[in-house]
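Q: The structure is given below, and queries will be raised subsequently.
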2 protein chains.
Amino acid sequence: MSISDINTYMNQVGRKARTASRALAAARTGQKNHALNSIADLLDARRETLMAENRKDLDAGRDKGLSEALLDRLELTSARIDAMIEGLRQIAALPDPIGGIFDMNYRPTGIQVGRMRVPLGVVGIIYESRPNVTADAAALCLKSGNATVLRGGSEAFHSNQAIAGAIQEGLEQAGLPGDAVQVVETTDREAVGAMITMPEYIDVIIPRGGKGLIERISRDARVPVIKHLDGICHVYVDDEADPQKAFDVCLNAKTQRYGTCNTLETLLVHDTIAEDFLPVMAKAYSEKGVELRGCDKTCAILGESCVPATEEDWDTEYLAPILSIRVVDSLDQAMDHIEEHSSRHTESIITENITKARRFLQEVDSSSVMVNASTRFADGFEYGLGAEIGISTDKFHARGPVGLEGLTSVKFIVLGDGHVRE
Amino acid sequence: MSISDINTYMNQVGRKARTASRALAAARTGQKNHALNSIADLLDARRETLMAENRKDLDAGRDKGLSEALLDRLELTSARIDAMIEGLRQIAALPDPIGGIFDMNYRPTGIQVGRMRVPLGVVGIIYESRPNVTADAAALCLKSGNATVLRGGSEAFHSNQAIAGAIQEGLEQAGLPGDAVQVVETTDREAVGAMITMPEYIDVIIPRGGKGLIERISRDARVPVIKHLDGICHVYVDDEADPQKAFDVCLNAKTQRYGTCNTLETLLVHDTIAEDFLPVMAKAYSEKGVELRGCDKTCAILGESCVPATEEDWDTEYLAPILSIRVVDSLDQAMDHIEEHSSRHTESIITENITKARRFLQEVDSSSVMVNASTRFADGFEYGLGAEIGISTDKFHARGPVGLEGLTSVKFIVLGDGHVRE
């Protein structure tokens, strides 16, 4: 679709989203679930169309010379369509966060004051190539009573539009406005600029994609952004650690998956146990093909199975089979290192000492802080949020894995019987 | 104090605040309360100095031709110093929000997942002439474990610096870093620009002052802002309202105080009761000296005790003895009017009908929504928050009156026993 005036078009999109958000905020739980299940049914019935539209994107991507990794992320296989459908049905089965009333108490004046959970309004999602985000993100926003404006990557244009068609039909089948989920019908980059500067129509932006995208959006946005930047996660193995637990957690946190944001990137080891612990650990890592980059002490212990780390290593999210290791002389030095180099995503301490565990939990300023557990657990599903729209490394509004509740706000409600203020 | 390079100076302030915030986040409740009580004692002991410094500001203000209203707000009387001291002691007596752990549950994998309340980090407060804000805001931030950078109005410079001296001494008496509360030592406007664009040092900005100040800061800030713009509050008197409750609430909501943001500005009345209700109400308002501006129907009923409202009236926060009145034909028309004209601060319905009350509570999208109660109750003290740093008309993070909890975030905590992810 060619759209001549992007700003006018985006203003229309925003206005329609704002209008639809009012109907969605008042929608009954059953209606929202009906829409989610209808969308799942429609995606199921339209597999052939979805894959045909996806092939257009794949062909165009190959012509444009996209990497195999990007083409793989772009592809809508039958299994991925199954996963989208399953995701929609799971979200339909989650409890509805909207309308819940809590902290309802009488005040000395006689009024009753409580709080009610309400939608944020309109959520804007800006994402890169994976077309399944279109269905996942729309479903989370819909369940939490928000209207959504989705702006996917240009390389997934046809796939996203095909999914959008099913979403809008599913909404209408449930008696909800089709405009409650709009997928931007242009690949013009100007649309992103317009989207992030319309506080009158969009209440929050969630960018999902590479660091460059997220930094650019955070810098230029005129609306709040739920953003997830680096995951430079640490495990600190204390001198009072149980060696088996330390081994299990350090191996899992680094090697269970390399490309995820909750993967261990820097291992801190207390020096009184380093000579025993590091060689055992290094052997296991080397069997997995993990490259080790250590501080001087680490290299002295590990010899040629380790290369010297540079200052840059401590600030690097490898997302790869590489691990930096530093020997520290105390819990305080470990926490100082974390304070300086962590991206405040997830850190874990391995210790049997409850006093040190309590200090670590209280003093480490990250979105997830753990004791004797793998950093890989930092995830909305593992935490029981039911689903996750992202992981916030900010402290304002939502922090850590963001589920349905992160897409809501609360208002105060007051009940009286003609009460007036004295 | 003359400072030649404002940006360098503000960077130093920011860096010191960030460092102090770490100590404050780890401070024990007793230490924070000790500091608050010490500051109260010091302000009490230094009344003469405070008033002498305040007189410098008052003299300069008079020379500059400040209005009597502004001079009045600027003055630190003995009663106002008492109120500051009392406020500090009250905040010391509030429960500490920091470190509280909640929603701690076992997950199917065997890990325990919960959430811990933590400070935001560094809070920046930008405010206008009232010097008491220096003590109030510092106290709330301190109790919630945040470092604070305060930038008061230039007209209150000497008063603010004198209060700042007591605050820093009080912090140090409790063994906390004096830098935990810094009052910017320059009146240069550039300092504000620097303060709102340092996300590396300041986590949130709270502007307190006129609409112009808040709009300017919100537009230019590169950090999140907890902002409070207009309070265009509505009361809707339904056809099933109890006449006495309607009368009491409408009179109180408009006339108990005129200059507050939770004061009634537009009254909506159902047309089947308008002929009975409006003349009684108008008589009471006229006895209080309230000017009435009505829609055509209102003017037809009230005759010469009412002037015609213009379109602009529906969007005006008078903060004065003026009220706009519109007759509506249904709850839906009342809610449509509110949707279009409300600033989303506080709205109240007067009705005995529970179905209409439930709809109003659910569908009206304002930070406080009430049934049969005066809008004047929308206040942190009345709601039992203990204290209030402002009223947020945004939905992101905090909404409505912001107490200690609005100055905090939560992190996830995970306890395991060597658990790894499968």
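Q: Kindly work out what percent of the DSSP beta bridges joining two residues of the protein assembly as shown are antiparallel, to the nearest 5.
A: Antiparallel bridges: around 25 percent, rounded to the nearest 5.
Q: Same structure again: Find how much the distance from A:Arg219 to A:Gln244 grows on full extension, using 0.36 nm per residue of separation minus their present alpha carbon separation; answer in nm with one decimal.
A: Values: separation 25, 0.36 × 25 = 9.00 nm, distance 4.45 nm.
Answer, rounded to one decimal: 4.5 nm.
Q: log10 I(q)/I(0), Debye, Cα-only the range A:271-422, no solvent, q = 0.11, 0.17 Å⁻¹?
A: -0.56, -1.12
Q: Please give the length that would be gained between A:Thr187 and A:Ala69 if that part of the chain were fully extended, namely 0.36 nm times their separation in residues minus their C-alpha to C-alpha distance (nm, one decimal).
A: Difference between extended and current length: 40.3 nm.
Q: I would also like to ask the following. Given contacts defined as C-alpha pairs under 8 Å and at least six residues apart, what's the relative contact order of chain A, whole-number percent?
A: 18
Q: Extending each Cα 7 Å along its Cβ direction at B:Gln362 and B:Gln173, get the distance between those two points in nm, one decimal.
A: 5.5
Q: What is the dipole size for chain B, taken about its Cα centre, with +1 at each Lys and Arg Cβ and -1 at each Asp and Glu Cβ, in debye to the nearest 20?
A: About 1860 debye.
Q: Let me ask you something else. Restricting the count to DSSP beta bridges whose residues both fall in chain A, what percent are antiparallel, rounded to a multiple of 5?
A: That works out to approximately 30 percent antiparallel.
Q: Quick one: order B:Thr19, A:Thr266 from most to least accessible surface, probe 1.4 Å.
A: On the way: B:Thr19 100, A:Thr266 0 Å².
The ranking, largest first, comes out as B:Thr19, A:Thr266.
Q: Also, I was wondering about something else. If you put +1 on each Lys and Arg Cβ and -1 on each Asp and Glu Cβ, how big is the dipole of the protein assembly as shown around its Cα centre, in Debye rounded to 20?
A: Numbers: 90 positive and 126 negative charges, 78 e Å.
The dipole magnitude comes to about 380 debye.
Q: Mind checking the mean number of beta-carbon atoms from other chains within 10 Å of the Cβ atoms in A:107-118?
A: 4
Q: Helix-only estimate, please: 222 nm mean residue ellipticity of the protein assembly as shown, summing -39500 (n - 2.57) across DSSP H runs of length 4 or more and dividing by its residues, to the nearest 500.
A: So the helix-based figure for the protein assembly as shown works out to -13500 deg cm²/dmol.
Q: Quick check on my link table: of A:Lys395/B:Lys395; A:Lys254/A:Lys395; A:Lys143/B:Lys395; B:Lys16/B:Lys395; A:Lys411/B:Lys395, which ones sit more than 20 Å apart, alpha carbon to alpha carbon?
A: From A:Lys395/B:Lys395; A:Lys254/A:Lys395; A:Lys143/B:Lys395; B:Lys16/B:Lys395; A:Lys411/B:Lys395, over 20 Å: A:Lys254/A:Lys395; B:Lys16/B:Lys395.
Q: Using only the Cα atoms of the protein assembly as shown, what are the Rg and Dmax in Å?
A: 28.9, 96
Q: Cross-link partners among aspartates and glutamates for B:Lys283, C-alpha distance below 14 Å, same-chain residues fewer than 8 apart left out?
A: Partners found: B:Asp248, B:Glu275, B:Glu291, B:Glu304.
Q: Give me a comma-separated list of calculated 3J(HN,Hα) values for the range A:53-70, in order, Karplus coefficients 6.51, -1.76, 1.60 applied at θ = phi - 60°, integers in Hz, x for any Gly or Pro.
A: Going residue by residue, I get 5, 5, 4, 4, 5, 5, 5, 5, x, 5, 4, 7, x, 4, 5, 4, 4, 5 Hz, with x marking Gly and Pro.
Q: I'd like the distance separating the alpha-carbon centroids of the range B:332-407 and the range A:279-339, in whole Å.
A: 53
Q: Assigning unit charges at the beta carbon (Lys, Arg +1; Asp, Glu -1) and nothing else, what dipole magnitude in debye, to the nearest 20, does the range A:233-378 show about its Cα centre?
A: Charge dipole, the range A:233-378, about its Cα centre: 640 debye, nearest 20.
Q: If you add up the charges near B:Phe102, with Lys and Arg at +1 and Asp and Glu at -1, over every other residue whose beta carbon is less than 9 angstrom from its beta carbon, what do you get?
A: +1
Q: Give the B-A buried accessible area in Å², both sides summed, 1.4 Å probe, nearest 100.
A: Looking at B and A, the buried total is near 6100 Å².
Q: Separate question: Compare each residue of the range B:2-34 in its chain alone against the assembly with all protein chains, and report those whose accessible area goes down by 30 Å² or more; 1.4 Å probe, heavy atoms.
A: Listed by number, the residues meeting the 30 Å² cut-off are B:Arg22, B:Ala26.
Q: Write down the accessible area per residue of the protein assembly as shown in Å², having rolled a 1.4 Å probe over the full set of protein chains.
A: In whole numbers, the protein assembly as shown has 39 Å² accessible per residue.
Q: Could you list which residues have their amide H under 5 Å from that of A:Arg208, counting only those 5 or more apart in sequence or on another chain, with H placed in the peptide plane?
A: So A:Arg208 has HN proximity to A:Ile126, A:Tyr127, A:Glu128.
Q: Sticking with this structure for a sec: So what is the diffusion coefficient of chain B in µm² per second by Stokes-Einstein at 4 °C and 1.567 mPa s, using a Kirkwood Rh over Cα pairs?
A: Estimated via Stokes-Einstein, D reaches 55 µm²/s.
Q: Using the Karplus equation 6.51 cos²θ - 1.76 cosθ + 1.60 (θ = phi - 60°), what ³J(HN,Hα) coupling, rounded to whole Hz, does each residue of the range A:168-177 give in order, writing x for Gly and Pro?
A: Residue by residue, the range A:168-177 yields 5, 5, x, 4, 5, 4, 8, x, 9, x Hz.
Q: Something else now. Carbon and sulfur together cover what percent of the accessible area of the range A:233-378 at a 1.4 Å probe radius? Before the final figure, lay out the partial values.
A: On the way: 2660 of 5640 Å².
With neighbouring chains kept in place, the figure for the range A:233-378 is 47 percent.
Q: Something else: What does the average come to when, for each residue of peptide A:395-403, you count the partner chain Cβ atoms lying within 10 Å of its Cβ?
A: 5
The values are calculated or read from the model by the stated rules, or taken from the named source; none is laboratory data. Values in this document were obtained by computation on a predicted structure and should not be read as measured data. Methodologically, a virtual Cβ is constructed for each residue, glycine included, from the backbone with ideal geometry; neighbour enumeration extends over all protein chains shown. Note: accessible area is taken over every heavy atom of the protein model, side chains too, but ligands, DNA and RNA are not part of it. Shrake-Rupley method; radii C 1.70, N 1.55, O 1.52, S 1.80 Å.
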